[in-house]
Amino acid sequence: MRKTQTLHKSNLVRGLVCLAVLAVFFTLFNLRTATRTKDIRRETQRAESVRQRQQILHPLYAEFVSSLKTRASSLPLPESTTLATGDIEGVKPDITALARSCNLLPQCVNCDPLSLALEEGRMAVDITVTGGLGDFRDFYVELGALPYLRDIERMRVTEGPGVTSFQLKAWVAVDNG
């Protein structure tokens, strides 16, 4: 005698539902994993790109830092002195010559003797020069080396058609006695 097994419809439906649930679970799990893997690969590529750029730029950065350290150590502070009242008229030619030596065109160098009344022992000097930014940087360093310069209150850079203008308000020490 031959025995045959028959599946009940309810068992068949339960089995198919379980298989469907397992298929959906594995599909969702794999999709989430695949998306996360794709995101990780993209982040890894970005990080590798940044690392390569840094590897290329690091020698330039090291050279820049060493040049900054060299420049900072090569700029000693000048000894502070004050101008005698009779030497005030020499400030304008000094600053004009300094600007020209740095390849700048001096537009205006005005000493304000009235500021002596407002600021005891200090006189304002308004300076306007035109030229390139690199030349102005050299001028600014040289200006800071003047022994009678106390501080620079204001600096304004104006860019016009083909011309860059630099305006400074500096204060110099003056001996009132």
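The values are calculated or read from the model by the stated rules, or taken from the named source; none is laboratory data. As the structure is a computational prediction, the values presented were derived from the model and not from experiment. Methodologically, a virtual Cβ is constructed for each residue, glycine included, from the backbone with ideal geometry; neighbour enumeration extends over all protein chains shown.
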Return a yes/no flag: does the stretch 130-144 have any residue that is assigned by TED's automatic domain parsing to the domain that holds I95, in contact (Cβ under 8 Å) with a residue 12 or more places away in the chain, out of contact with any Leu (no Cβ under 9 Å at 6 or more places or on another chain) and not charged (D, E, K, R).
yes
So how many residues does the stretch 79-110 have that are among the aliphatic types (A, V, I, L, M) and at pLDDT below 90?
4
Name the residue, out of V157, V109, V141, that is in contact with an Asp or Glu (Cβ under 8 Å, 6 or more places away or on another chain), on the phi < 0 side of the Ramachandran plot and of a type in the set (V, I, T).
V109
Specify the residue that is surrounded by the fewest Cβ atoms within 10 Å (Cβ to Cβ); the eligible residues are those in the stretch 154-177 that are of a type in the set (S, T, N, Q) and closer than 29 Å to E79 by Cα.
N176
The lone condition R122 fails out of (1) at pLDDT below 80; (2) within 15 Å of L146 (Cβ to Cβ) is (1)
